[in-house]
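Trainee: Quick one: the structure is below, questions incoming.
The values are calculated or read from the model by the stated rules, or taken from the named source; none is laboratory data. As the structure is a prediction and not an experimental result, all values here were calculated from the model. Reconstructed Cβ throughout: ideal geometry from the backbone, glycine too, with neighbour counts over all protein chains shown.
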Amino acid sequence: MQKKSSGFTLIELIVVIVILGILAATALPKFMGIQTGARVSVLSGARGAVSSAMNIAYATQTSQNLGSNVGITLDGLSIAMIGGYPQAWPAASALSGIYGAAGLSSEYSIVGGAAAGLGGTTTITIPSAPVPNSCAFSYTAATVVGTTVIPAKVGAPITTGC
């Protein structure tokens, strides 16, 4: 009488494990690249939101014939203005400046704080980046020198730590 065997042999199992190891070693670097690309895309989206909010706030204030330092309301949120543009870090709260005007979520953080001042520069970062504060861009509020207004600007993205 013969015994009928079933299942995989040891050699077959080892071959499958080796093939899976090779596939994992090849896919892992590509997966890491995908995460970096995703963070850069998220940063670009936030940068676009800040640019749009800056221009919408300026257009809103101009269309309502308000003074350049008079606050406006966007989507029910009071936005503090300086020189016709949202402040970088208002004294009241970050939500009443460019952060709130752009509608950024808690996935982003602001570096600069109150020390940045009303017309200062604020850096918006993605806290989940591998290197803290190195996946970021800056927003510089408008400055007023006499009667001359130097418009607000959004800095180039820093993606070295994404």
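Trainee: Answer with yes or no whether Ser105 is free of Cβ contacts under 8 Å to residues at least 24 places away in the same chain, surrounded by fewer than 19 Cβ atoms within 10 Å (Cβ to Cβ), under 21 Å from the mean Cα position of the chain (by Cα) and not in a helix (DSSP H, G or I).
Mentor: yes
Trainee: Give the number of residues within segment 47-60 that are in contact (Cβ under 8 Å) with a residue 60 or more places away in the chain and of a type in the set (S, T, N, Q).
Mentor: Result for segment 47-60: 1.
Trainee: Shifting gears a bit: Checking the condition without any contact (Cβ under 8 Å) to a residue 24 or more places away in the chain, among the hydroxyl-bearing types (Ser, Thr, Tyr) and touching a helix residue (DSSP H, G or I) at 6+ places or on another chain (Cβ under 7 Å), which residue from Ser78, Ser63, Ser93 passes?
Mentor: When all the criteria are applied, what remains is Ser78.
Trainee: Mind checking which residues of segment 118-141 are more than 16 Å from Tyr99 (Cβ to Cβ), hydrophobic (A, V, I, L, M, F, W, C) and in contact (Cβ under 8 Å) with a residue 60 or more places away in the chain?
Mentor: Residues satisfying the conditions are Ala129, Cys135.
Let's see how each residue does on (1) closer than 30 Å to Arg39 by Cβ; (2) modelled with pLDDT of 90 or more:
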{"position": "Asn69", "(1), (2)": "no, no"}
{"position": "Asp75", "(1), (2)": "yes, no"}
{"position": "Tyr85", "(1), (2)": "yes, yes"}
{"position": "Ala88", "(1), (2)": "yes, no"}
{"position": "Leu95", "(1), (2)": "yes, no"}
{"position": "Ser106", "(1), (2)": "yes, no"}
{"position": "Ser109", "(1), (2)": "yes, no"}
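Trainee: Still on this structure, I have one more. Which one of these is polar (S, T, N, Q) and over 25 Å from Thr143 (Cα atoms): Ser51, Ser6?
Mentor: Exactly one residue qualifies, and that residue is Ser6.
Trainee: Answer yes or no: is there a residue in segment 92-100 that is in a loop (DSSP other than H, G, I, E, B) and either aromatic (Phe, Trp, Tyr) or under 15 Å from the mean Cα position of the chain (by Cα) (or both).
Mentor: no
Trainee: Restricted to segment 1-55, and to residues that are outside any helix (DSSP H, G or I) and of a type in the set (Ser, Thr, Tyr), which residue is surrounded by the most Cβ atoms within 10 Å (Cβ to Cβ)?
Mentor: Here the residue is Thr9.
Trainee: Here's another thing I want to ask about it. Among the residues of segment 117-137 satisfying the criterion of being among the small types (Gly, Ala, Ser) and surrounded by fewer than 21 Cβ atoms within 10 Å (Cβ to Cβ), which is modelled with the lowest pLDDT?
Mentor: That would be Gly117.
Trainee: For segment 56-77: of the residues being surrounded by 15 or more Cβ atoms within 10 Å (Cβ to Cβ) and part of a strand (DSSP E or B), which is farthest from the chain's Cα centre (by Cα)?
Mentor: Ile72
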